[in-house]
1. Is there any pair with a first residue in segment 465-489 that is modelled with pLDDT under 90 and surrounded by 15 or more Cβ atoms within 10 Å (Cβ to Cβ) and a second that is among the hydrophobic types (A, V, I, L, M, F, W, C) and part of a loop (DSSP other than H, G, I, E, B) whose Cβ atoms are under 9 Å apart and which are 6 or more apart or on different chains, and what are they?
2. Looking at segment 609-637, which of the residues that are over 15 Å from GLU520 (Cα atoms), open to solvent by 20 Å² or more (accessible area, probe 1.4 Å) and more than 39 Å from the chain's Cα centre (by Cα) is modelled with the lowest pLDDT?
3. Could you figure out which of (1) modelled with pLDDT under 85; (2) buried (at least 24 other Cβ atoms within 10 Å of the Cβ); (3) closer than 14 Å to GLY352 by Cβ isn't true of THR131?
4. Checking the structure you have, find out if any residue of segment 415-425 is farther than 28 Å from LEU91 by Cβ, modelled with pLDDT under 90, among the hydroxyl-bearing types (Ser, Thr, Tyr) and in a loop (DSSP other than H, G, I, E, B).
5. Out of everything in segment 580-608 that is open to solvent by less than 10 Å² (accessible area, probe 1.4 Å) and within 25 Å of the chain's Cα centre (by Cα), what residue ends up being modelled with the highest pLDDT?
6. Residue by residue through segment 219-262, note down the ones that are of a type in the set (Val, Ile, Thr), farther than 25 Å from MET430 by Cα and assigned to a helix (DSSP H, G or I).
7. Search segment 104-117 for residues being part of a helix (DSSP H, G or I) and open to solvent by less than 50 Å² (accessible area, probe 1.4 Å), and hand back the single one that is farthest from GLY340 (Cα to Cα).
8. How about segment 547-574: which of its residues are of a type in the set (Val, Ile, Thr) and open to solvent by 20 Å² or more (accessible area, probe 1.4 Å)?
Amino acid sequence: MISFPLQQPVAIFLLVLLLILLGPLVFRPLRIPSIVGMIIAGMAVGPYGLNILERDSSFRIFGEVGILYIMFLAAVEIDMFHLRQYSRKGLVYGLLSFALPMAAGIFGSRYAFGVSWTTAVLIASMYASHTLISYPVVSRFGLSNHRSAVIAVCGTIVAVLLALFTLAQVVSANANGGEIHPGDIFRLIALSAIFMIAVGYSFPWLTRRVFSHNNDPITQYIFILALVFIASLIAQLIGLEAILGAFYAGLVLNRMIPARSGLMKNIKFVGNALFIPYFLIGVGMLINIGVIVKGWGVAWVALNMTVVALFTKWLAAWAACRMFGLARLDRALMFGLSSGKAAATIAATMIGFQYGLLTEDIMNGAVVMILICCLVSTVVTENAARRIRIGLTAEDLSHDELTPGEFARQLVAVANPVTSEGIMRLAMFMRDPSNHNPVTALFVRSNDDSSVLQMGRNALQSASAVAEAMDVEVKKVERYDLNVVSGLTNVGKEENSTEMVIGLHRKSNVVDTFYGAMIEQLLRSTNKMVMMSRCFIPVDTVDRIVVAVPEKAEYETGFKLWLMRVANLGAQVGARILFICYTATKEFIRGIIAEGGYEVRHDYRTMDSWDDFILLSGEVEADDLLVVIGARKGSISYSGDLENMPGFLGRHFTRHNLLVIYPRQY
């Protein structure tokens with residue numbers, strides 16, 4: 001027998017899934033954003049609506065997970081290049097977004113509601129804090145790295161941190177008869193510093209070790225999720241808010257989770273499909289719209305609080321955009337992101353009512369304010385994000401220098417299932433994100449050995465799975481040819497490939513060369529760019545890319561091509577690039593990176609002779625990727641030093657991550 005509110009777990013979960021599934025279909029024709037639709041759905045089925053569902057422990061748990069997920073996604077989707085670029089502006093915006101609502105809230109609440117100074121500070125902290133409830137909209141439009149979004153996210157952390165700190169001091173002062181103990185403040189600062197240092201150093205180290213020994217996507221996802229909740233729990237235990245721990249974990253793990261990786265795809269899928277909608281429905285279930293009709297007192301309080309909260313956030317966005325010289329749409333997006341209220345504001349409301357600092361009218365007014373702010377935040381963000389995306393798309397279409405045919409057409413040769421995934425992942429990260437050309441995965445065999453055939457097919461399948469997980473079309477080719485070199489060369493011509501990516505040869509005996517006879521023959525057989533890889537750790541966990549560039553490399557035909565691939569690799573895995581090159585070459589490298597708009601950190605160490613590289617190569621660490629730019633015999637940049645390079649690499653870099661690139665010729 002079914003009774004309301006529902007008590008059966010299966011019925012509750014089924015109804016929630018139906019709300020998540022049907023909500024967008026119902027609200028989209030009405031031009032109501034899906035986030036607002038989820039909140040309205042929660043209001044309709046919740047205890048203050050039709051009373052079909054009660055806000056039980058499942059909604060509290062999933063709701064908490066949902067807000068942590070939003071904060072984690074906001075941090076992990078930010079490109080660290082953009083974060084550093086806009087961090088100062090974000091700090092300024094965060095201070096404005098905190099100070100203006102606090103000032104207006106303290107004096108406005110004191111004289112409008114006639115409350116004590118302590119209560120006025122508490123209400124002001126509710127105005128100052130905000131939640132990135134509309135961030136999924138920004139993510140959906142692909143604006144996570146847009147300047148206004150990055151500034152708003154940075155500002156959110158500053159404002160929320162200060163607001164929660166203020167809330168903690170209000171509670172402490174109320175418990176101690178109105179006194180604030182400086183010792184508590186210093187204790188919180190010290191514990192926060194220890195927390196940031198411990199998480200900042202231990203999480204990346206641990207993640208590299210786990211990822212290097214386990215490629216299972218489910219295990220990696222659970223591991224990352226566990227780290228997020230560990231950071232959130234520790235933050236909560238030391239007196240901070242869990243959302244700050246989740247956000248900091250996202251920043252620390254940002255480089256470990258490239259934007260186009262399968263792991264990032266899994267993180268987004270689970271969050272957007274379940275946790276975040278659950279959180280939004282739970283927020284709607286908290287809202288009792290009926291309190292407005294109980295009397296003019298609640299309506300007056302709700303109107304006052306809503307106007308002050310929204311106006312001060314708009315004023316902060318307006319002031320920041322005037323200071324930074326940003327456009328009107330930037331202001332709208334910043335205001336939209338910073339005007340939503342949920343987690344921290346709800347916590348402040350409940351705590352204030354629990355300690356007797358807030359009257360029932362003020363608490364109900366705060367709930368109405370939260371609803372209106374969520375609606376305004378979502379609508380403003382949706383409109384601003386859509387208009388910004390339209391503008392960016394129009395700008396891209398106006399630049400027609402590049403056509404799809406000029407993008408990489410990669411040929412990835414595999415034969416070993418153990419290394420095939422790593423080779424394909426490297427190739428994927430070296431592609432331009434907007435490249436829609438298919439990649440060719442190739443296995444070449446020259447005999448009918450069943451064991452070789454099975455290994456090759458398994459390698460082909462593993463490599464293809466990596467590309468498909470990144471939404472790249474794969475053309476699988478199994479080739480029977482006279483030898484491997486012949487098969488590579490012929491397929492490369494048939495597919496009109498721009499480059500070949502293969503695994504680096506492993507010496508089988510003492511007299512064997514470092515490259516092996518097959519690779520040396522391949523370099524003589526084709527003028528295409530050839531990249532040979534050997535990585536002992538996943539390429540997306542490398543800490544730094546060290547590139548050794550020979551003299552006069554800028555005069556080679558394929559100079560720009562290999563530089564674009566390395567810059568793409570650095571930008572997508574978030575690694576800093578260190579170029580070891582000659583002074584004349586450095587200016588060409590710097591110019592191409594600037595011209596291409598590659599958002600990657602890059603430094604330079606100049607050398608006067610190849611002996612300088614031998615000395616500098618001693619600084620290459622186990623977590624670095626050493627990239628050596630070679631040259632074919634007879635080319636402009638070829639020299640006797642490069643002739644000895646294979647032997648040098650074989651003696652000193654047998655346990656290092658290595659990528660050898662021979663640029664395209666003629």
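1. Short answer, once both residue conditions are applied: VAL466/VAL472; VAL484/ALA415.
2. Looking at the filtered set, the residue picked out is ASP611.
3. (3)
4. No, because not a single residue in segment 415-425 is farther than 28 Å from LEU91 by Cβ, modelled with pLDDT under 90, among the hydroxyl-bearing types (Ser, Thr, Tyr) and in a loop (DSSP other than H, G, I, E, B).
5. Here the answer is ILE593.
6. Matches in segment 219-262: THR219, ILE222, VAL228, ILE230, ILE234, ILE243.
7. Within segment 104-117, the subset part of a helix (DSSP H, G or I) is 104-112, 117.
Filter again for open to solvent by less than 50 Å² (accessible area, probe 1.4 Å), leaving 104-106, 108-109, 112.
Numbers: ALA104: 18, GLY105: 17, ILE106: 20, GLY108: 20, SER109: 20, ALA112: 23 Å.
Residue satisfying both the conditions and the ranking: ALA112.
8. The answer is THR557, and nothing else.
The values are calculated or read from the model by the stated rules, or taken from the named source; none is laboratory data. Quantities reported herein were computed from a predicted structural model and do not represent experimental measurements. As a convention, Cβ positions derive from the backbone with ideal geometry for all residues, glycine included, and neighbour counts pool all protein chains shown. When the accessible area is computed, the model is the full protein with side chains, heavy atoms only, and any ligands, DNA or RNA have been set aside. Shrake-Rupley method; radii C 1.70, N 1.55, O 1.52, S 1.80 Å.
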